[in-house]
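The structure appears below as structure tokens.
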């Protein structure tokens, strides 16, 4: 199994709290958790960038992790007595936690800025993220000069 944190026992709520705590150390002015039914689907936050508020949404696609878990018989056998859906949720949030932690280490040593790291997750005026805009319309970034 090449999925990081697939055996974690840390509850998703604890991991989400840790993510919010990490982000709060970098000038975040507001945070919100977004739900998809009973599960947290994203963590959103706002910060002041160049005198203007900029908002970001970090989604958690735990269903993608669940799909991988269900396809891997070694994982299923190993965790057959556990709630595999909750394990996928815990694992997903832990992966996001580690990714944010690594990204913030780059900010700490002045290699990048928060906006540079989270640019794909910037929330646009219509409520979609920049990455969602690009997925729906790749020419949004590529322009007419690209043939692919």
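For this structure, a couple of remarks:
- In degrees, nearest ten, helix 84-108 long axis to first principal axis of the chain (Cα): 40 degrees
- Angle in degrees between helix 62-71 and the longest Cα principal axis of the chain, rounded to the nearest 10: 40 degrees
- For the chain, the calculated P(r), taken from all Cα-Cα distances in 10 Å bins from zero up to the bin holding the longest distance, is 10, 34, 32, 19, 4, 0 percent.
- The distance between label points at residue 98 and residue 111 comes to 1.7 nm (points 7 Å beyond Cα on the Cα→Cβ vector).
- Relative to the longest principal axis of the Cα atoms of the chain, the long axis of helix 12-24 lies at roughly 30 degrees.
- Subtracting the Cα-Cα distance of residue 72 and residue 46 from their residue separation scaled by 0.36 nm leaves 5.6 nm.
- Averaged over residues, the count of other Cβ atoms within 10 Å places the peptides 24-33, 41-50 in the sequence 41-50, 24-33, highest first.
Since every read-out is calculated from the coordinates, none of them should be taken as a lab result. Note that this is a predicted model, so its numbers are computed, not measured. As a convention, Cβ positions derive from the backbone with ideal geometry for all residues, glycine included, and neighbour counts pool all protein chains shown.
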